[in-house]
Amino acid sequence: MDRTIDFVSTNEGAGARADPEAAIRKLDGADIILFSVQDLFGYLKAHATMSGIQRVQAGIALYAIEHEDERVGFILNDLSDKYRDGEFLLIDNAAFREVIAYASGERVDHEHLRGMLARCEAEAHVIRPRPANTIILLGAFWGHGNTMDRYVTAKRDGVKLGAYVYDIIPVTHPEYCDADLVRDFSMSVGEMGLVVDFVFTISDYTRETLARLFRENGGRDIPMRTVPLAHSLTVPDISVESWPAALRKIKGRPYVAYVSTVEGRKNHLYVVNAWRQMIDQGVDVPDLVFVGRRGWRISGLMDLLDGTNYLDGRVHIVHDLSDSELNSIYANCRFTVFTSFVEGWGLPVGESLIHHVPCAASRTSSLPEVGGVFVDYLDPLNLRQGVVVLRKLIEDHDYREARRQQIREHFVPRSWDDVGRDFIEKVREEIATGYPARTIHPPLPQGVKFTLGDLVSRPILMHDYVPSPMRLALVGSFYHLERFGAWMRGNVGEFTFQTDLPAGEEVVVYAELEVRDKATGRDISITVADAGGEAPPRWQTIADTGQRLYRTRGKVGEGGLCTIVLEVSGTLNAVEFDSRLFAIGLAAIGYARATDSALREDLVERFTFQDMSRGGRGR
């Protein structure tokens with residue numbers, strides 16, 4: 001029986017390998033999984049070592065290559081605009097495994113690593129996935145050239161799409177995150193809700209929180225399943241120890257370790273205040289060793305440490321330890337602490353247990369899923385209760401050693417093979433699921449003036465953006481958002497959104513455009529594509545630069561879709577210090593049924609006047 005090749009090699013392009021058979025010979029089944037590792041490549045180009053999310057991708061990828069080599073592939077997005085939307089670069093599995101092995105080593109030469117990444121990209125094949133394929137966003141879906149707009153065309157082509165979500169902390173706890181991250185992450189979560197078919201999460205807590213976010217903000221009921229992480233980023237050889245030179249002064253002294261980036265969300269201040277309170281109570285406290293780089297939102301912590309001379313020399317902060325040095329930290333500490341306010345998983349808790357070390361951790365978010373019955377839990381908002389837990393671990397030697405023995409005898413860590421096997425099995429089950437066809441276009445209600453610049457200049461409100469993730473309407477035709485709006489790529493662009501109107505209903509569309517310098521004298525056309533997807537251009541000459549309001553009319557297409565086609569005549573040239581080709585930009589858009597004169601009048605006023613009757617600061 002003939003078998004169909006489920007994705008094909010397309011134009012080779014610069015840098016693509018010449019032999020298409022090398023890319024497609026194993027891709028002759030209906031259950032091929034393509035893992036997007038774009039953000040892993042982007043991260044390793046900027047950093048010599050992998051952080052948490054990158055190590056998770058590496059662990060799952062290694063399992064997939066070892067056990068599913070002929071049925072999996074790894075793809076990158078084209079960030080150079082050489083190829084068409086919906087096309088990806090398929091990298092060689094063996095070469096990718098070599099990258100992971102090198103980046104996971106004790107010593108990494110960053111230039112050599114970058115060279116390995118460049119070779120992977122240069123030898124990659126250009127492919128266009130077909131409906132029988134499944135793409136999994138294995139890492140960050142909010143940055144590193146890995147955002148949802150990169151996958152919309154594939155999804156519209158019929159490809160199944162899944163995402164692995166680590167946490168949604170920038171949405172639920174924005175106070176712990178950079179403002180730009182909060183904005184980008186919030187928009188990406190809303191867009192994920194429209195585009196993906198299914199979601200895996202690293203913990204039940206993350207899954208329940210994400211499902212509630214969509215439910216409470218008008219989103220889809222997305223199929224979600226949990227694939228818990230391993231209890232450690234690596235498989236540590238805990239027998240190899242090397243005491244850190246930076247801590248030579250405290251070697252042999254009792255101490256408690258907190259292994260984590262030193263940032264506000266991790267709540268190191270709680271531990272320092274607990275130590276201060278116990279000192280006031282006369283407790284002979286051990287030293288505190290914070291292992292991790294200094295991050296953000298820690299000014300209060302550092303002010304306290306500076307003001308108390310680091311609790312009279314009892315607090316020590318170190319970072320960039322080798323695996324053997326970290327093993328030594330674990331092996332010689334009384335116990336560990338992890339008082340974070342919120343986590344997606346909580347790897348430091350698992351690492352402590354793997355080293356057979358008792359741990360005091362927050363009873364919040366996902367941490368009980370990691371620590372189970374082997375952890376002593378505390379309330380990160382109740383210092384008095386936390387002091388009781390910590391004091392018992394400090395003063396009760398028999399209890400502490402009993403906990404250590406319990407961990408040694410009964411704790412069974414989850415390995416990366418467990419994670420990889422669980423992940424692949426659940427993806428296979430999703431592949432076998434038939435998902436109903438649905439529109440992958442954001443809805444825009446009648447009478448609403450959508451101002452593109454608001455997405456970068458105002459807070460993202462999830463109850464508005466989850467139901468209508470309008471950034472996706474720009475896919476393929478516009479450059480990144482700016483405060484005025486977005487410049488259209490080249491001479492022709494489309495802006496498509498979903499309406500609640502029947503096919504053939506006539507609408508009037510209002511578009512506020514930004515015209516760049518030297519664009520005057522060109523002809524411009526703005527049309528509404530008809531039900532067949534095409535509309536004859538209606539040309540007018542551009543007279544002025546700056547913002548101009550245009551009006552056009554046409555009929556809604558099949559399924560209630562409305563596509564606005566923008567065209568500009570002439571050859572476009574890049575300006576100095578900017579390689580983009582553009583002449584006009586879209587600042588705002590809105591529409592109304594042609595027969596609804598009252599709504600049309602109101603919409604025109606929204607475009608024409610600054611409304612002083614709403615809001616305002618007052619005096």
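The values are calculated or read from the model by the stated rules, or taken from the named source; none is laboratory data. Computed from a prediction, not measured in an experiment: that's the story for all the values here. Here Cβ is always computed from backbone atoms with ideal geometry, including for glycine, and neighbour counts include all displayed protein chains. Heads up: the accessible areas ignore ligands, DNA and RNA and are worked out on the full protein's heavy atoms, side chains in. Shrake-Rupley method; radii C 1.70, N 1.55, O 1.52, S 1.80 Å.
Using a probe radius of 1.4 angstrom, the carbon and sulfur fraction of the accessible surface of the stretch 186-229 is 42%. Accessible surface for the chain, divided over its residues, is 44 Å² per residue with a 1.4 Å probe.
Phi angles of the stretch 145-156 translate, via the Karplus equation with coefficients 6.51, -1.76, 1.60 and θ = phi - 60°, into HN-Hα couplings of x, 10, 6, 4, 4, 5, 10, 4, 4, 4, 5, 5 Hz per residue; Gly and Pro are given as x. Averaging the sequence gap over all C-alpha pairs within less than 8 Å and six or more residues apart, then dividing by the number of residues, gives the stretch 51-126 a relative contact order of 29 percent.
Put simply, the amide H of PHE478, placed in the peptide plane, has neighbours under 5 Å in ARG489, leaving out anything fewer than 5 places away on its chain.
Here the spin labels are modelled as points 7 Å beyond Cα on the Cα-Cβ line, and at ARG363 and LYS426 they lie 2.6 nm apart. Under a model in which nothing but the beta-carbon of Lys, Arg (+1) and Asp, Glu (-1) is charged, the chain shows a dipole of about 1140 debye around its Cα centre.
If R0 is taken as 35 Å, the Cβ-Cβ distance between VAL373 and GLN281 corresponds to a FRET efficiency of 0.75. Think of it as helices only: each DSSP H run of n ≥ 4 in the chain is worth -39500 (n - 2.57), and spread over all residues that comes to -9500 deg cm²/dmol at 222 nm.
Applied to the stretch 210-223, the Karplus parametrisation 6.51 cos²θ - 1.76 cosθ + 1.60 on θ = phi - 60° returns per-residue 3J(HN,Hα) values of 5, 4, 5, 4, 5, 4, 7, 10, x, x, 6, 8, 8, x Hz, with x for Gly and Pro. Ordering 373-383, 585-595 by mean Cβ neighbour count within 10 Å, with the highest value first, yields 585-595, 373-383.
For the chain, what proportion of DSSP beta bridges, expressed in % and rounded to the nearest 5, is antiparallel?
55
Quick one: helix 268-280 against the long Cα principal axis of the chain, what's the angle to the nearest 10°, folded into 0 to 90? Between helix and principal axis, roughly 30 degrees.
Modelled this way, with points 7 Å down the Cα-to-C-beta line, the labels at TYR102 and VAL448 are 4.8 nm from one another.
Amide H contacts for TYR255 (H built 1.01 Å from N in the peptide plane; partners 5 or more residues away or on another chain; cut-off under 5 Å): ASP287, ARG334. Counting only Cβ charges, +1 for Lys and Arg and -1 for Asp and Glu, the dipole size of the stretch 409-459 around its Cα centre is about 500 debye.
Each of ALA61, VAL271, PRO436 was scored by the projection of its Cα onto the charge dipole of the chain, and the greatest displacement toward the positive side belongs to VAL271; charges sit on the C-beta of Lys, Arg, Asp and Glu. Please go through the stretch 72-121 and write out the GluC sites (Glu not before Pro) that DSSP classes as loop and that have at most 13 other C-beta atoms within 10 Å. Here the sparse-neighbourhood loop sites are GLU106. Here the gap between GLU505 and LEU311, fully extended at 0.36 nm per residue and compared with their Cα-Cα distance, gives a gain of 62.6 nm. Dipole of the chain (Lys/Arg Cβ +1, Asp/Glu Cβ -1, origin at the Cα centre): which of LEU461, LEU305, SER477 lies farthest to the positive side? Working it through, the farthest residue towards the positive pole turns out to be LEU305. For the chain, the number of Lys pairs separated by eight or more positions or lying on different chains, with C-alpha atoms closer than 23 Å, is 9. Using a cutoff of 8 angstrom between alpha carbon atoms and counting only pairs six or more residues apart, the relative contact order for the chain works out to 11 percent. Just add up the charged neighbours of TYR479: K/R +1, D/E -1, any other residue whose Cβ is under 9 Å from the Cβ of TYR479. Spelling it out: positives minus negatives among the neighbours equals +1. Fully extending the segment from ASP180 to TYR435, taken as 0.36 nm per residue of separation minus the present Cα-Cα distance, adds 88.4 nm. Peptides 554-561, 341-348 ranked from most to least packed give 341-348, 554-561, packing being the mean of other C-beta atoms within 10 angstrom over each peptide's residues.
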